[in-house]
Amino acid sequence: MHISSVQWLLLLAVPVMQVILLGILIKRKIRSSSPMFFNFAVFGVLVVILQISLLPKVSPIQYFYLYWTIEALSAILAFAVIYEVFVNVLKPYSALIDFSKMLFWWAAGFLLLASVLTALASTATTTAGKICAAVVLFERVVQLMLCGLLLLLLSFESRLGLSWRSHGMSIALGMGVYSALNLGMSFMFDHFPMWKTQMNIANTVLSLGIFAMWQINFLLPEPQRRNVQDSPTRLIFQRWNDALSGGSSVDIAFSSADSFIPGVEKAVERVLARKMVQ
């Protein structure tokens with residue numbers, strides 16, 4: 001396939017922007033506040049180095065396994081970034097953070113199980129085909145979760161006292177928009193293959209825009225989070241936090257599988273009861 005000079009320049013600009021972003025993260029000491037996102041950025045730069053130095057020398061079989069290993073690790077790191085952003089967003093609500101951490105571990109286990117079952121149930125007759133099916137499913141689910149996280153923040157950004165200039169919101173915005181585009185492009189590739197070149201260019205341009213946004217965001221001082229604990233309006237997050245702080249967070253977190261659902265139901269009842277009183 002012929003690649004124009006513009007496409008080459010765009011493709012070369014992506015690793016340059018990744019290296020610049022990593023340099024800014026190191027300079028601003030972001031690793032202490034967002035270690036998972038920092039690792040995600042480091043991984044992106046390592047992949048670029050690997051592609052330049054090693055991939056041209058490997059055999060097709062080695063390239064296949066290396067490629068899908070990179071894809072799987074990238075999806076795992078993206079899942080870790082979702083976890084990190086979600087915890088930072090709910091930082092004022094300690095009991096709710098404990099509850100959400102437990103839910104994320106359940107989600108991680110479900111993703112792993114679903115990927116394994118998909119590989120086993122795949123119609124592919126080769127091991128390579130089953131690996132592809134498992135990794136693709138895991139990637140798609142993580143991308144859907146990133147879109148869901150972005151929608152959550154769009155809906156509750158002001159009520160949570162967050163600013164779009166905050167690091168967590170910027171990370172969620174960039175990764176959520178990119179995931180939404182990727183999910184849409186996977187559909188477009190199957191139904192409109194004649195637009196593949198244009199879609200690849202659009203994908204690269206969007207990546208450059210996201211890297212530029214992150215660079216500007218991390219260079220600027222992070223705004224202080226607004227205090228929502230003293231707000232006269234009782235938020236749903238505050239009601240959940242109060243209900244879980246009433247003793248249910250520990251009970252739910254360490255309960256057996258049989259008592260997990262009833263524990264959640266009791267927490268919901270407490271939240272609704274508080275809402276009726278207010």
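We did not get these values from a lab; they are worked out from the coordinates using the rules stated. Note that the structure is predicted; figures quoted are calculated from it, not measured. We place every Cβ from the backbone using ideal geometry, glycine too, and count neighbours over all the protein chains shown.
Work out how much length ALA202 to TRP8 would gain on full extension: take 0.36 nm times their residue separation and subtract the Cα-Cα distance, in nm to one decimal.
68.5 nm
Within the set LYS29/LYS101; LYS57/LYS130; LYS27/LYS57, which residue pairs have Cα atoms separated by over 31 Å?
In this structure, LYS27/LYS57 exceed 31 Å between Cα atoms.
With a 10 Å radius around each residue's Cβ, average the other Cβ atoms per peptide and rank 138-145, 75-82, highest first.
Averaged packing, sorted descending, gives the order 75-82, 138-145.
What is the distance in Å between the Cα centroid of the range 57-94 and that of the range 127-199?
Computed from Cα coordinates, the inter-centre distance equals 13 Å.
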